[in-house]
Structure formats: structure tokens, C-alpha cells
Protein chains: 2
Amino acid sequence: MKPIGHVRHDHSEVPRHWTISELEGELRIDETYLEALCDVEPGARIVVLFEFHQSPPFDPAEHQRQTPPHKDHPRGLFSICSPLRPNPIGLSVVEVLRVDGSTLTVRGIDMLDGTPILDIKPHVER
Amino acid sequence: MKPIGHVRHDHSEVPRHWTISELEGELRIDETYLEALCDVEPGARIVVLFEFHQSPPFDPAEHQRQTPPHKDHPRGLFSICSPLRPNPIGLSVVEVLRVDGSTLTVRGIDMLDGTPILDIKPHVER
């Protein structure tokens, strides 16, 4: 796995989840991938896969159930969006506001500044 | 990245995308993660992140635009679901039919038999 770019913003805190975020920020994608971005347009919702780069290592003895910040009891890890996972991959759905070269300005940020981006996919519903 | 389990099924072909799949198959998760599955229940829709383990290496000179099998013109890679990506991570949303220990029987399979599973997340909409 190799980052295709990074998340950049000036917010000192981010919401716990993209579903409750109106924060704007940038996805600065490597210019290498400029052509692969050619059909990403303002107004689109996109899926961003990224690395939870500040998470400690996953410990199966400790982290299989975790209590989310807005809940009062532990839940099985595969039913919650905790950053502490066997493979530290995060997923957020954001709205594209602007496209400038290989930088996307988006709304719905819940990633930390500096987060490595692994992939961008179209947001598809059944 | 280390698989948490593998996809298993007997279908010789799979649909090109989970949105058009009614195929059933199993997600055989390592027993190590049994407790992390405790809140995954039949009827739930889950997001499965997996490795496109049979894709050739991504070549920026060749693969930035690709023509999906059901289209007649090339599209930018980050707007399509091709398995040929800088980081070969796939995403499918499937419906859980049964839970037997650490094996989930699901509907909506579009992954090849033997596909390494990287993560399971709840399917969340805004």
C-alpha cells in the first residue's frame, strides 16, 4: 500500500464520523494520478479510503469490542467505525466542491490533517 | 495489511459489481476475530474491503483511464470500480444471511473465490 495523496485542512478537531461532518478540506492527490481524476466533478459524492495513520497496533486481546465515543456500551469491532482495526483502513464519503488540478476540495471531512489517502471510488448505491 | 479471512464460494463466474449480484457466498473470517463479529446479525448490510489479489500491477502510463466492461468509452480510474488500481483494494456491500461462528453467509458476492478480506464495516448512510 502506497498513499496516492494526503488530506489537508486547518481544523484542530474533526467530527467523529463523516455522516455528521460539514467540514471542508482538501484531498491533495499526487500529480501522477491527474488523469485518473478526469471524471471527478463538483457535486459528486466519492468514497475515500485512507490509512488510520495515528492508530496504535491492533491487539486481539484488547480491541475486539470497543465503546464508541457516543455510546455507553462496547460493540463488536466489525459493527463500528473505530480507527483501531486489524487493517487500519478508514472509509469516508465526501462531497466534491471544487477540482483544481489534482486537488479536490471536499465537504464531510472526518480525517486528521495529514492522513494518507489510499484510494478514491465513486459512491454507488444499490 | 494482513487478511482477516477469505471469500469462499463455488461460482465459476461472478457479476461485475455487487449492485447487480444476488449470488450467495461465505466470508470465512479467522476465528481470532470471533468476538469482533459479535454484533453482526442476519439482515444487516455490511461493507467488505478486500484485496484484488489477481490484478496485475498498476501502471500509471497505461491504467489512468479504463473502459468498464459495460461502457463503450474510457473513464478516469477514480470514477470507476476497476480492480486495476494503485492500491488494489475492493469494496462491496453485501447482505448478511446467516452467522455460524466466524463464517458469514452473505448475498451480493462479486469477489472471486479465495479473495483475501481486509476489513468489515457497518454500512452507514448519511
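Summary of computed values
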read-out	value
Among residues of the range A:16-50, those that are at the interface with chain B (Cβ under 10 Å from one of its Cβ atoms), acidic (D, E) and either within 12 Å of the chain's Cα centre (by Cα) or assigned to a helix (DSSP H, G or I) (or both), counted	1
Residues located in the range B:3-39, provided they are free of Cβ contacts under 8 Å to residues at least 40 places away in the same chain and touching a strand residue (DSSP E or B) at 6+ places or on another chain (Cβ under 7 Å)	B:E35, B:A36, B:C38, B:D39
Contacts under 6 angstrom Cβ, first residue in the range A:91-106 being over 29 Å from A:F78 (Cβ atoms), partner of a type in the set (D, E) and outside any strand (DSSP E or B), 6 or more apart	A:S102/A:E31
Selection count, the range B:2-15, where residues are surrounded by 15 or more Cβ atoms within 10 Å (Cβ to Cβ) and assigned to a loop (DSSP other than H, G, I, E, B)	4
Hey, B:P57 more than 11 Å from chain A (Cβ to nearest Cβ), free of Cβ contacts under 8 Å to residues at least 24 places away in the same chain and either out of contact with any Asp or Glu (no Cβ under 7 Å at 6 or more places or on another chain) or of a type in the set (S, T, Y) (or both) or not	yes
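Here's the yes/no breakdown for (1) farther than 17 Å from A:I117 by Cβ; (2) out of contact with any Pro (no Cβ under 8 Å at 6 or more places or on another chain); (3) surrounded by fewer than 17 Cβ atoms within 10 Å (Cβ to Cβ); (4) of a type in the set (S, T, Y):
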residue: A:G25; (1), (2), (3), (4): no, yes, no, no
residue: A:E51; (1), (2), (3), (4): no, no, no, no
residue: A:P57; (1), (2), (3), (4): yes, yes, yes, no
residue: A:Q64; (1), (2), (3), (4): yes, yes, no, no
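Here is a yes/no grid of residues against (1) under 19 Å from B:V94 (Cβ atoms); (2) in contact with a Cys (Cβ under 9 Å, 6 or more places away or on another chain); (3) at pLDDT 95 or above:
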residue	(1), (2), (3)
B:I4	yes, no, yes
B:H9	yes, no, yes
B:R16	yes, yes, no
B:E26	yes, no, yes
B:C38	yes, no, yes
B:I46	yes, no, yes
B:Q54	no, no, yes
B:P68	no, yes, no
B:S79	no, yes, yes
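The values are calculated or read from the model by the stated rules, or taken from the named source; none is laboratory data. Not measured: the values here are computed from a predicted model. Note that we place each Cβ from the backbone using ideal geometry, even for glycine, and neighbour counts take in every protein chain shown.
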